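The values are calculated or read from the model by the stated rules, or taken from the named source; none is laboratory data. Source: prediction; values computed, not measured. Using ideal geometry, Cβ is built from the backbone for each residue, glycine included, and neighbour counts are taken over all protein chains shown. Each accessible area value is taken on the protein alone, full model and side chains, heavy atoms only, with ligands, DNA and RNA left out. Shrake-Rupley method; radii C 1.70, N 1.55, O 1.52, S 1.80 Å.
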Amino acid sequence: MSNARIQYLVNRYFEGACTGEEQQELADWVNQSGSDADLQTVLAEAWRNYQPEEAGREAGAAAMERVYYRLSDEMDKPRMRIAWWKPAAAAAAIFMASLGIWQGMKPSPRVSVAEAGVVEDAMPGGEKAILTLSNGRQIVLDSAANGLLAQQGGASVNKLSNGQLVYDDGEGTASGEILYNTMTTPRGGQYRLTLPDGTKAWLNSASSITFPTAFAEATRSISITGEVYLEVAKDEKKPFRVKANGVEVAVLGTHFNINAYPDEGAVHTTLIEGKVKVTSDAGTRTIAPGEQVQAGKGKLDVQRNINLEQVMAWKNGRFVFEGESISRVMNQLSRWYDVEVGDIASVDDRFFLDVPRSKKLSDVLKALELTGKVKFKIEGKKIIVMQ
């Protein structure tokens, strides 16, 4: 396909005028080209040629953002999240600068990660966890064979071929004794678990979940640390309770995420589906889907219109930063790549970025450096953050 034809299709996409056949033609070119450089060049040239009336510039900028996200997704490339609500001309300049192809652009004076002296890169985390049984025995799940791992009272503990851990409580606790197990993920680890009642749990890095091997009491109660996403099995006769850092979340059957890392400053409970009631020493709040309760320092605040894509990014295998501070960005990176973060320079800017968690640490840091707001140096297992 000629460059003129590609630019024509991209322009049509900017204007929202692409037919279904034209969209498919553009997608086919992306899949066949396999080159991010080609994509960037075409987008840059198309934007230079795309000159809507002044009143339509912001709409054109938004269209450009959408086509870049879609096409870069086709090629599994990191996506720069830009503040497109700013004036369109500035937005276009930031966008092109982030791609490094703005006409007449001079090299950035900031030192890239590679130039700053990468002694040792860090690979992304993976499926890693330790299961601690009621008798204190520990099983390293990432190296354990598939199949039956243990018997706990009347429950069998099985590791499936996809790595997921599943509890089958059979007839319940044979002796009537309630036994508790704990799954713990290390820094750089994550894992999935199906509890005895069918509730599904996903653990992020540096997290844990403690639960009975059979829910024999009137209330199904578990406790967590770190970050856990839960899809609770419905049972109106047995309400489900989650305890985390002095906060209790009560549900019947729903999907929600709890972020209870100590360095986040509060326990964040975000509802995806259903209804939950959050209780702390500051009171009780009931929230609806798309809302979040932040509990900490004697406060219980409800935030509405939460960006669920950002909250659930870790479970979906991505880092999504939408106006995040550098400290919160580095908290996530340090846990997933199991690295230490040194003193953070005074960086007041907010960061917008969307990249797969499967990327190496240096790739993510380079993407952040493209914002022009910060630069990094890796020294072994330590990240130095500089202005």
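Please turn the phi angles of the stretch 349-360 into ³J(HN,Hα) values with the Karplus equation 6.51 cos²θ - 1.76 cosθ + 1.60 (θ = phi - 60°), one per residue in order, whole Hz, x for glycine and proline.
Running phi through 6.51 cos²θ - 1.76 cosθ + 1.60 with θ = phi - 60° gives 5, 9, 10, 10, 7, 9, 9, x, 6, 7, 6, 5 Hz.
Send over a whole-number figure in Å² for the accessible area per residue of the stretch 302-387, probe 1.4 Å. Each step should come with its number before you reach the end.
Details: 3610 Å² over 86 residues.
It amounts to 42 Å² per residue over the stretch 302-387.
Starting at 0 and stepping by 5 Å, how many percent of the alpha carbon pairs of the stretch 182-331 end up in each bin?
2, 9, 20, 24, 22, 15, 6, 1, 0, 0
Using the alpha carbon gyration tensor of the stretch 309-387, what are the three equivalent-ellipsoid semi-axes (square root of 5 times each eigenvalue), largest first, in whole Å?
Largest first, the stretch 309-387 gives 18, 15, 11 Å.
Can you list the residues, at least 5 places off or on another chain, whose amide H is less than 5 Å from the amide H of residue 187, using H built in the peptide plane?
206
Which pairs break 30 Å Cα to Cα here: 315/373; 237/297; 315/382; 200/366?
Numbers: 315/373 28 Å; 237/297 34 Å; 315/382 25 Å; 200/366 35 Å.
Long pairs (Cα-Cα over 30 Å): 237/297; 200/366.
What net charge is computed for the residues neighbouring residue 314, neighbours being all others with C-beta under 12 Å from the C-beta of residue 314, Lys and Arg scored +1, Asp and Glu -1? Provide the component values of the computation, followed by the final result.
Numbers: positive: 315, 318, 335, 357; negative: 227, 309.
That works out to +2.
Can you run phi through the Karplus equation (6.51, -1.76, 1.60; θ = phi - 60°) for the stretch 339-344 and list ³J(HN,Hα) in whole Hz, with x for Gly and Pro?
10, 9, 10, x, 4, 8
Given the Cα-Cα distance of residue 340 and residue 161 and 0.36 nm per residue of separation, how much length would full extension add, in nm?
Values: separation 179, 0.36 × 179 = 64.44 nm, distance 3.31 nm.
Taking residue 340 through residue 161 to full extension adds about 61.1 nm, to one decimal.
Run the 1.4 Å probe and let me know the accessible area of residue 352, rounded to the nearest 10 Å².
30 Å²
Scan around residue 261 for amide H atoms under 5 Å from its own, H built in the peptide plane at 1.01 Å from N, and keep only partners 5 or more places away or cross-chain.
Distant-sequence amide H within range of residue 261: 226.
Would you check the accessible area of residue 208, probe 1.4 Å, heavy atoms only, in square angstrom rounded to 10?
Number for this one is 20 Å².
Using the Kirkwood radius built from alpha carbon pairs, what does the Stokes-Einstein equation give as D for the stretch 246-387 at 37 °C and 0.692 mPa s, in µm² per second? Write out the running numbers ahead of the final one.
Values: Rh = 16.4 Å.
Once the numbers are plugged in, D ends up at 200 µm²/s.
With every protein chain left in place and a probe of 1.4 Å, what is the accessible surface of residue 142, to the nearest 10 Å²?
80 Å²
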